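Note sheet for the following structure.
The values are calculated or read from the model by the stated rules, or taken from the named source; none is laboratory data. Quick caveat, the model's predicted, so the values are computed rather than measured. Methodologically, a virtual Cβ is constructed for each residue, glycine included, from the backbone with ideal geometry; neighbour enumeration extends over all protein chains shown. Note: accessible area is taken over every heavy atom of the protein model, side chains too, but ligands, DNA and RNA are not part of it. Shrake-Rupley method; radii C 1.70, N 1.55, O 1.52, S 1.80 Å.
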Amino acid sequence: VKAAIYRRYGGPDVLAIEDLPEPSTGPGEALVRVAAASVAPGDCKARAGLLRRFFEVSFPKVPGRYGAGTVVSAPAGGAFAPGDPVLFSTGHEESGAAAELVARPAARIVRRPAGLGPIEAAAVVHGAICAYVGLVEQGGVGRGARVLVHGGAGAVGSAAVELGAHLGAHVVATCRSTDEAFVRALGAQETVAFDRDDVARLHGIDVVLDTMGGEVHARSCRVLRRGGRLVYLNAEPFADESAGHGVELRNAKIDDRPEVIEAVLGLVAAGVFQPRVGRVLPLAQIAEAHRLVEAGAVKRGRVVVTP
Ligand SMILES: NC(=O)c1ccc[n+]([C@@H]2O[C@H](COP(=O)([O-])OP(=O)(O)OC[C@H]3O[C@@H](n4cnc5c(N)ncnc54)[C@H](OP(=O)(O)O)[C@@H]3O)[C@@H](O)[C@H]2O)c1
C-alpha cells in the first residue's frame, strides 16, 4: 500500500512515498480506499513541527487531515457497507489520509452524498467545518449580525463568507486587493484589502473570525463592539487583549465531530459551500503539494492529492 510518510519534522523534503503493509482494522473500524486527500496549511505546519505547542505527531507519520474515497470493509451490521462513498477526518497526531488505504473508526466516517466527488469533498470539507464551528457554534452568528472574516479568499475565509451570507449576516471580509471582486461574489457586502487598507476604519462589529492571529488579531479586538466575540483559529501567536476591549475571546476548536461534518455536507448539498479545487497532484508529488501550499502558490482553492 503506497503512502506518504515523514519520519521527522522538517521541510517538504522529509516527505517520501513508501510501500507499507495494508492497515489492519481493529474492532469498530472500517477500511477506506482513498481517492483524494487534501493538503492544508495545517498539514504543512504539523510536518514542519510548528504545531508542537498544541500536539506532537507520532512517527512515522502519514500526513493529510481529510480524505474521501470508498469503503472496502466495515463492521458488520454498522452504518457502512463495501462500496459506500465516504468522507473521513484524521487527527493531526494520528496517521493521515495521504495513502491508498486508511483504517478509521466507523464512527469517524460520514457518508459522502452521491453528487459530491471525492476531490471536491476533500477540497471543501476543512474550510467549511472551520467556518461552521467559527460562525455558528462559537460565533452564534444570525441574521443582521455584523461579521468580519479575515482571509476571505482563503479556504477557511471563503467558506466563512459563504456561510455568513447564507445566515443573513452583514459580512465584511479582508483579502488581497486582487481578490476583492472574488470575495464579494462569494457574498461579502464589504471588503477591506489588507495590502492597501486597514480594518481600523471598521467599528461596531459583532463577531470577528480571525484566521491570522498576531497583529491582525490585535486590530480585530479594536473593531468589535463591547460584548462582541473574537473567534479565532490557531495561527500566529497573539496577545490576549480581549478584557481591555470588553470583548469575548473564543477558540474555534476543530474536532471533526461527525454531526458537524454532516451539517457541513448538508450545506454543500444546499449550494451554500462551493467546493473549490486549487490544484490536483498525484500522491507521488506530495512533497511538491506541500511546497505549493507552504508558499501560498495556489489561490482560491485547496490542493488535493490523489493516490
Ligand atoms: N484548527 C485550527 O485552529 C485551524 C484550522 C484551519 C485553519 N487554521 C489556520 O487558519 C489560517 C488560514 O487557513 P486557510 O486554510 O484558509 O489558508 P489559505 O487557504 O492559505 O488562506 C489564507 C488567506 O489569508 C490571506 N491573507 C494573508 N495575509 C493576510 C492578512 N494580513 N489579512 C487577511 N488575510 C490575509 C491570504 O491571501 P494571499 O494568498 O493573497 O496571501 C489567503 O487568501 C492558517 O494559518 C491555518 O493554519 C487553523
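Summarising the amide proton neighbourhood of Val149: residues at separation of 5 or more, or on other chains, whose placed amide H is nearer than 5 Å comprise Val172, Ala173, Thr174, Leu209. Taking R0 as 45 Å, what FRET efficiency do you get between Ala239 and Thr70 from their Cβ-Cβ distance, rounded to the nearest 0.05? Efficiency, from the Cβ-Cβ distance: 0.45. DSSP beta bridges confined to the chain are antiparallel in about 50 percent of cases. Residues in the range 100-131 near a label at Ala284, defined as backbone nitrogen under 18 Å from the 7 Å Cα→Cβ point? It comes to 100-101, nothing else. Taking every Cα-Cα distance in the range 208-307 and sorting them into 5 Å bins from zero, the calculated P(r) comes out as 3, 11, 14, 13, 16, 18, 15, 7, 3, 1, 0 percent. Scoring 175-188, 288-301 by mean Cβ neighbours within 10 Å over their residues and listing the highest first yields 175-188, 288-301. Just so you know, the Rg over Rh for the range 85-165 is 1.03, from Cα atoms, with Rh as the Kirkwood radius. Counting heavy atoms of the protein chains alone, Val247 has an accessible area of about 20 Å² for a 1.4 Å probe.
Residues of the range 41-70 with the amide nitrogen closer than 14 Å to a label point 7 Å from the Cα of Leu20, along Cα-to-Cβ, please. Answer for the range 41-70: 57-67.
With each run of n ≥ 4 DSSP H residues scored as -39500 (n - 2.57), what mean residue ellipticity at 222 nm is computed for the chain after dividing by its residue count and rounding to the nearest 500 deg cm²/dmol? Write out the running numbers ahead of the final one.
Working: 8 runs with 76 residues, N = 307.
Mean residue ellipticity at 222 nm (helix-derived): -7000 deg cm²/dmol.
Which GluC sites (Glu not before Pro) in the range 1-62 sit in a loop by DSSP (not H, G, I, E or B) and have at most 16 other Cβ atoms within 10 Å of their own Cβ? Intermediate values should be presented prior to the final figure.
Numbers: sites: Glu18, Glu29, Glu56; in loops: Glu56.
The qualifying sites are Glu56.
A straight Cα-to-Cα reach below 18 Å connects Lys2 with the aspartates and glutamates Asp13, Glu18, Asp19, Glu22, Glu94, Glu100, Glu288, residues fewer than 8 places away in its own chain not being considered.
Evaluated with a Cβ-only charge set (Lys, Arg +1; Asp, Glu -1), the chain carries a dipole of roughly 340 debye about its Cα centre, given to the nearest 20. Among the chymotrypsin sites (Phe, Trp or Tyr not before Pro) in the range 1-94, those located in a DSSP loop and surrounded by at most 15 other Cβ atoms within 10 Å of their own Cβ are Phe54, Phe55. Taking the inverse of the mean 1/r over every pair of distinct Cα atoms in the chain gives a Kirkwood hydrodynamic radius of 19.6 Å. If R0 is 30 Å, what FRET efficiency do you get for Gln274 and His203 from their C-beta distance, rounded to 0.05? For Gln274 and His203, the calculated efficiency is 0.45. So for the range 14-79, Kirkwood radius off the Cα pairs, Stokes-Einstein at 10 °C and 1.306 mPa s: how many µm² s⁻¹? It diffuses with D of about 112 µm²/s by this estimate. For the range 226-248, the residues whose amide N sits under 20 Å from a probe point set 7 Å from the Cα of Ala218 along the beta carbon direction are 230-248.
Per-residue packing, averaged as other Cβ atoms within 10 Å, sorts the ranges 10-16, 37-43 into the order 37-43, 10-16, beginning with the highest. Normalised size of the range 55-104, defined as Cα radius of gyration per 2.2 N^0.38 Å with N residues, equals 1.23. Think of the chain as a dipole: +1 on every Lys or Arg Cβ, -1 on every Asp or Glu Cβ, centred on the Cα centre; then among Thr211, Pro75, Ala103, Thr211 lies furthest on the positive end. Qualifying GluC sites (Glu not before Pro) in the range 64-136, where qualification requires a DSSP coil assignment and no more than 12 other C-beta atoms within 10 Å, are lacking entirely. When each of the peptides 138-149, 68-79 is scored by the mean number of other C-beta atoms lying within 10 Å of its residues, the order from highest to lowest reads 138-149, 68-79.
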